[in-house]
Amino acid sequence: MAYSSQQETFHGIDAHTGERLEPGFSASTIDDVAAVCNAAAAAFDAYRSTDAEARASFLDAIGEEIMALGDALIERASRESGLPVARLTGERGRTVNQLKLFAQTVRDGAWLGIRIDPALPDRQPLPRPDLRMRKVALGPVAVFGASNFPLAFSTAGGDTAAALAAGCPVVVKGHPAHPGTDMMVADAIAKAAQRTGMPDGVFGHLRGPGNEIGAALVSDPRIAAVGFTGSRAGGLALVQLANARDVPIPVFAEMSSVNPVVLMPAALARRGAALGEAFVGSLTMGAGQFCTNPGLVLAIEGPGLDSFAAAAAEKLRQHAPQPMLTSGIRKAFAAGTASLAANASVTELAAGLEGDGVAREMARLFSTSGAEFLADQALAAEVFGASSLIVRCKDAQELATILESLEGQLTATLHLDDADSDAAKPLVPILERKAGRILANGWPTGVEVAHAMVHGGPFPATSDGRSTSVGTLAIERFLRPVCYQDLPEALLPPMLRNGAPEPRLVDGKPA
């Protein structure tokens, strides 16, 4: 592939008005990609050798520098993304808290996964050597910022925090939809690195529209792994690039999900209307631009489902549209909902208030039968935005068949009462095969940053269903195990030596 190294200028766009924002930014070039990857590779051994306290202090300092940006960061992010100030303030808090959580994880030491099987020289018929294992950083990691979370899933987001915690230098390809926000956060990370004495090159930032820079970044032989949040097409393109390298690398891509919500009969009979109103709140949150947006509702035909649909439709008709993240996302949403509306097997139940044709599109709710859904795979496709499809199933068997037909998902939700337990039990194993997170009596929008959280799922929710992009388990993506057999104590890493304080398993038992 031929690349240009000519530098160009691009601007952020005000999501509320469509107007160009100042200042403009110089787009990174292919030469910049090579330089930043070279710096990351040069920093790798020094950074992965930092002790736990130094690395944790770096993560804490990033959070402090982000908070020090104050209102200016929130205001810029709101203009570039169209997201309200209150939402972005909460997202900033989440970003800082996940940095603190990873700092705590690094200090705890359990992430090293230390296992020791001491030598057994007298074992028959063969002696056992001294075996000691720990997990080590993969190498420099490329992170692609997401459009829908300009803070929590972008420059200092979960992928960056997890990779830095693991001991990997990070190169971020900022999202072109919010370049000013990205630059402010990148500067904060650079200040934190300098303040805590981290090696030059531990963090790099690339910016600009188009795919050339991202493709060059993934193809650079010094990059050891990729973190991505975005569309299925974008994620699969990166996977293809990574697999085409002389040395393939893992791509941890969060891609598409319709997040099915199953409404069980007893719950519907008792509180169908209330569920309908609550569902619309989840559907329209953030203009529906959440990767966990409830884009599919499954339930068995009956009066309870009628009440749910009527209440949801009435609530939706009153919904004022919100700005969408970019004109491209707005156009894709309009095309997706128009396709559903034109489908002869689909009925449009309601639409929100009209948008302005510039940044806002009305929310929409559709319905179809279980048989029609099974006959048309296109109905299971994600429409990114405030759009959802209710599937009316004739019985429990058809509902289970539809769940079995679905692709991998980030989430699956059950709304149920005690009387639904027996009917729900056979659905849980299906949902375990299909989703990374199973909820009861809640809504999938909103992801807690915690040790037990899984924000991932089987393909195509993610490119690797064994991982998560939220929670401390995310650090595992950027580590690999190394076993040390019979090495003299002087050559062992300090944490593997006798008497080291780090938690460990000795002969398979905590010690």
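The values are calculated or read from the model by the stated rules, or taken from the named source; none is laboratory data. Keep in mind it's a predicted model, so treat the numbers as computed, not measured. Counting neighbours? That spans all protein chains shown, and the Cβs are built from the backbone with ideal geometry, glycine included.
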note = Quick count over region 80-100, residues being in contact with an Asp or Glu (Cβ under 8 Å, 6 or more places away or on another chain), buried (at least 21 other Cβ atoms within 10 Å of the Cβ) and not aliphatic (A, V, I, L, M), is 1
task = Kindly check whether there is at least one residue in region 55-70 that is over 24 Å from the mean Cα position of the chain (by Cα) and loosely packed, with under 15 Cβ neighbours inside 10 Å.
result = yes
key: Selected residue (only one of 482, 449, 470, 428 is aliphatic (A, V, I, L, M) and free of Cβ contacts under 8 Å to residues at least 60 places away in the same chain)   = 428
query = Which members of region 110-144 meet the condition of being aromatic (Phe, Trp, Tyr) and not in a strand (DSSP E or B)?
reply = 111
request  = Taking only region 437-471 into account, find how many residues are within 12 Å of the chain's Cα centre (by Cα), crowded, with 19+ Cβ neighbours inside 10 Å and not hydrophobic (A, V, I, L, M, F, W, C).
outcome  = 9
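Would you call residue 243 at pLDDT below 95 and either surrounded by fewer than 23 Cβ atoms within 10 Å (Cβ to Cβ) or within 28 Å of residue 11 (Cβ to Cβ) (or both)?
Values: at pLDDT below 95: no; either surrounded by fewer than 23 Cβ atoms within 10 Å (Cβ to Cβ) or within 28 Å of residue 11 (Cβ to Cβ) (or both): yes.
Answer is no for this residue.
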inquiry  = Looking at 105, 50, 95, 17 in this structure, which one is at pLDDT 95 or above and in a loop (DSSP other than H, G, I, E, B)?
reply    = 50
query = Just checking, which of 142, 103 is touching a Cys at 6+ places or on another chain (Cβ under 9 Å), surrounded by 15 or more Cβ atoms within 10 Å (Cβ to Cβ) and touching a residue at least 12 places away in the same chain (Cβ under 8 Å)?
reply = 142
